[in-house]
There are 2 protein chains.
Amino acid sequence: MQLGALRSHNTALVLDLLRTAGPEGISRLELAERTGLTPQAISKITARLRENGLAAEAGRRASTGGKPRTVLRLVPEAGHAVGVHLDRDELTAVLCDLTGGVVARHRTPLDLGAGAETVVERVVGEAGELAAGAGRPGAVLGVGVALPGPLDHRRGVLHRVTGFPELNGFPLRDVLARRLSLPVVVDKDTNAAALGLAVGGETASVTSFAYLHFGAGVGGGLVLGGAVHRGARTGAGEFGHQVVQLDGPPCECGNRGCVEALCLAAVARGDVAEAARVLGTAVGNLVALLDVDLVLLGGRTVAAAPETFVRGVAAVLHERARRAGGDAVPVRVASGGEGREGGGDGEGGVGGAGGERAGRGEHGVAEGAAQLLLAPLFGRADG
Amino acid sequence: MQLGALRSHNTALVLDLLRTAGPEGISRLELAERTGLTPQAISKITARLRENGLAAEAGRRASTGGKPRTVLRLVPEAGHAVGVHLDRDELTAVLCDLTGGVVARHRTPLDLGAGAETVVERVVGEAGELAAGAGRPGAVLGVGVALPGPLDHRRGVLHRVTGFPELNGFPLRDVLARRLSLPVVVDKDTNAAALGLAVGGETASVTSFAYLHFGAGVGGGLVLGGAVHRGARTGAGEFGHQVVQLDGPPCECGNRGCVEALCLAAVARGDVAEAARVLGTAVGNLVALLDVDLVLLGGRTVAAAPETFVRGVAAVLHERARRAGGDAVPVRVASGGEGREGGGDGEGGVGGAGGERAGRGEHGVAEGAAQLLLAPLFGRADG
DNA sequence: CCCACTTTCGCAACGCTGTTGCCAAAGTGC
DNA sequence: GCACTTTGGCAACAGCGTTGCGAAAGTGGG
């Protein structure tokens, strides 16, 4: 590691604390305490940030007997990122500011099966339009794209978008980057959702958690040590096809007794409590294996009966924890990141409103996709 | 991060490369390439290491037309660590040098249920004796202790040593540290085994893997991103009680359908192939969830029929990978770290020989325990 | 054998990092 | 109004890796 890397590391540390502090801001001395750096170093770093327009002074605190502390805050408009969520039948694009707040949102129907060229054309159109609305062109850091199915996050190549084999092997990242002349990052939708939750306020005091999605299928995203765990081949988080019943009923994937198959079957016959119990068993396995701090549930099937799922999963975890003599890991519904919505509703709200998203149980996948570009600024690059 | 942290980071990087290179050594320029630092920086760092006696010149390579490269190597005797493995009925203690090579080994029967004070007394005796044999007293970095059952790695407090509730809550680390006047680290036995494998040659090109142990019970240790993943409460790696059969036969832990219960039952009725298949199913879940690079199997039940287990587990993984259209993760038997045994067999070989260990399927837990002290030197601290 | 050439590696000067010492600024409280 | 406390910037500093340059130690052609 070189000297310059140290500088950007510490700058990222400070930026992350500024982001976490939100609009109320944070004082220099508190930054010093939290980072372990001296107040002088913080002064230098924040002076650079203020020169670049990334930070600004925001009033002062009450005095405690001496000169009152000056409060610093992140300037949200100093940078933007576009996030695109490609779902099977829909495209959602958002423009986020530095804090992750949504400045503009657009949603349109899309047939993912219409072929790579059509999809690219649509993404280029939507992302380009949003990026153009971000003021200065240089202020857009890049475009994050989240879509279902296994893919290679590092190379940005699609592998097996579930149900759309014609997209296999398509180098989405490079094609989009060339067309948009912007940095592009692609990732699985569940990873993007998990990343969005990781930088959201909901997981503030938590360093590792699992986000489990139950919508049309069952999937998951893992955050370990503050960063999304993608594994060697970006294949981590395949939660839906965890086998919890040896030689159980066959699943579409070819295995038998997968969580997804069992849960879908239970829901189909109206037994939501049983679906929650099965899900809870798989979640219990995950918690035992990884010892995460928190479990977040999402997806529209969960959203249809949130209490049932939270209670059912928590019951399994509590029972296991009770026998093991420890405390159970908390289970919550992922709130979808609302409440941090930035201003500018009238500016670009072409498509649906935020409320509708929660109704579908899509917990800010597009916002999480934008975080693929924003998170590295705050030292949240993956391991 | 301060400036001094940068220095120790880069020093650790260099030390790790020196360790990996083994007795053949590595040249300064190669160190520069592998670390990304300039040759000058490497010269400075290695000069410090040579002053401290940690590194030494070890001949030179053939010339390629100019001055031949000087080869540097780690000086194994520059530091030692004691590793202690507390098993249910046996205590194994080793003295390891900087490279992890075993300098002395001692094994004696021990009743873990004899109470905390007795156990402490025995560990103090064995570890103290080995530490005294390491030449200069200051050359011993500390003592690592590995034992079964959940515990708090950070505080060094035992939680629920399986089968020995009288040890619950005992602050083993602090008590031992005071008695030995040495730094002490405690960890789960499976974590120690995984750490030992992580620094061994077997996983050289691999950044994340799972070690799964099938002995008297089933357990596991995870290495993600080169460091042992312990989770928030050091509870990660609980592999034995992954449920793979909903409402299956009851397990001692109180759950139903645990891997351990199913595998033990299969072995008891002589159906080792079925045990391997069940284990493979759970391993398949783990691989899907974490996308590790490698699966290593160990433990004396595996050692009794290694081919059957490797083939059985690999078959499940291959079948899943085939349907998913990817390559299967390789499965191997953990070799137990033999072959890196340092010299000095006659010096301290009071107890059993190394070969016996492999026969029991205990893959260097004591050596891994010693690595709890050694690994941080090489930048392998956990996240 | 000698000399040109290549490659390695250390010394010295440098730019940049965070740190330390000191002082001005800006409050509180008697 | 003055002593005191606390904040935060300026200047000098030690230490990091980098750059420039030259000595050391080989190879290979004449």
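The values are calculated or read from the model by the stated rules, or taken from the named source; none is laboratory data. Just so it is clear, the model here is predicted, and its values are computed rather than measured. Note: ideal-geometry Cβ built from the backbone for every residue, glycine included; neighbour counts use all protein chains shown. Ligands, DNA and RNA are stripped out before the accessible areas are found, and what is left, the full protein with its side chains, is counted by its heavy atoms. Shrake-Rupley method; radii C 1.70, N 1.55, O 1.52, S 1.80 Å.
Observations, loosely collected:
- Filter pass, A:T234 being under 21 Å from B:V283 (Cβ atoms), within 14 Å of another protein chain (Cβ to nearest Cβ), polar (S, T, N, Q) and in contact with a His (Cβ under 6 Å, 6 or more places away or on another chain): yes
- If the condition is being over 16 Å from A:R50 (Cβ atoms) and of a type in the set (A, V, I, L, M), then segment A:1-35 contributes A:M1, A:L3, A:A5, A:L6, A:A12, A:L13, A:L29, A:A32.
- Any hit, segment A:124-131, residues being outside the structural domain of A:P23 (by TED's automatic domain parsing) and without any contact (Cβ under 8 Å) to a residue 40 or more places away in the chain: yes
- Subset of segment B:1-37 [within 9 Å of DNA strand C (Cβ to nearest atom) and of a type in the set (S, T, Y)]: B:S27
- Filtered by the rule that a residue be within 14 Å of another protein chain (Cβ to nearest Cβ) and farther than 22 Å from B:L286 by Cβ, segment A:188-225 gives A:T203, A:S205, A:V206.
- Unmet requirement for B:R105, which otherwise passes all of (1) within 16 Å of DNA strand D (Cβ to nearest atom); (2) under 30 Å from B:S181 (Cα atoms): (1)
- Residues located in segment B:318-334, provided they are within 14 Å of another protein chain (Cβ to nearest Cβ) and not charged (D, E, K, R): B:H318, B:A321, B:A324, B:G325, B:G326, B:A328, B:V329, B:P330
- Yes/no for A:D247 being within 25 Å of A:A198 (Cβ to Cβ) and over 21 Å from the mean Cα position of the chain (by Cα): no
- Residue in segment A:69-83 that is without any contact (Cβ under 8 Å) to a residue 12 or more places away in the chain and within 16 Å of DNA strand C (Cβ to nearest atom) present: no
- Residue within segment A:298-317 that is open to solvent by 20 Å² or more (accessible area, probe 1.4 Å), facing another protein chain (nearest Cβ under 8 Å) and in contact with an Asp or Glu (Cβ under 9 Å, 6 or more places away or on another chain) present: no
- Residue count for segment B:286-297 satisfying the condition of being at the interface with chain A (Cβ under 9 Å from one of its Cβ atoms) and open to solvent by less than 20 Å² (accessible area, probe 1.4 Å): 5.
- Flag for A:V259 being surrounded by fewer than 19 Cβ atoms within 10 Å (Cβ to Cβ) and among the β-branched types (V, I, T): no
- Some residue of segment B:276-285 being part of a helix (DSSP H, G or I), in contact with a Cys (Cβ under 6 Å, 6 or more places away or on another chain) and open to solvent by 10 Å² or more (accessible area, probe 1.4 Å): no
- Those helices (runs of 4 or more DSSP H) of segment B:1-79 in which at least 2 residues are more than 8 Å from DNA strand D (Cβ to nearest atom), open to solvent by less than 30 Å² (accessible area, probe 1.4 Å) and away from chain A (no Cβ under 14 Å), considering only elements entirely within it, cover B:3-21, B:39-51.
- If only residues of segment A:160-210 that are within 24 Å of B:G231 (Cβ to Cβ) and among the hydroxyl-bearing types (S, T, Y) are counted, the one that is nearest to the chain's Cα centre (by Cα) is A:T190.
- Scanning segment A:38-47 for residues that are more than 7 Å from DNA strand C (Cβ to nearest atom) and among the hydroxyl-bearing types (S, T, Y) yields A:S43, A:T46.
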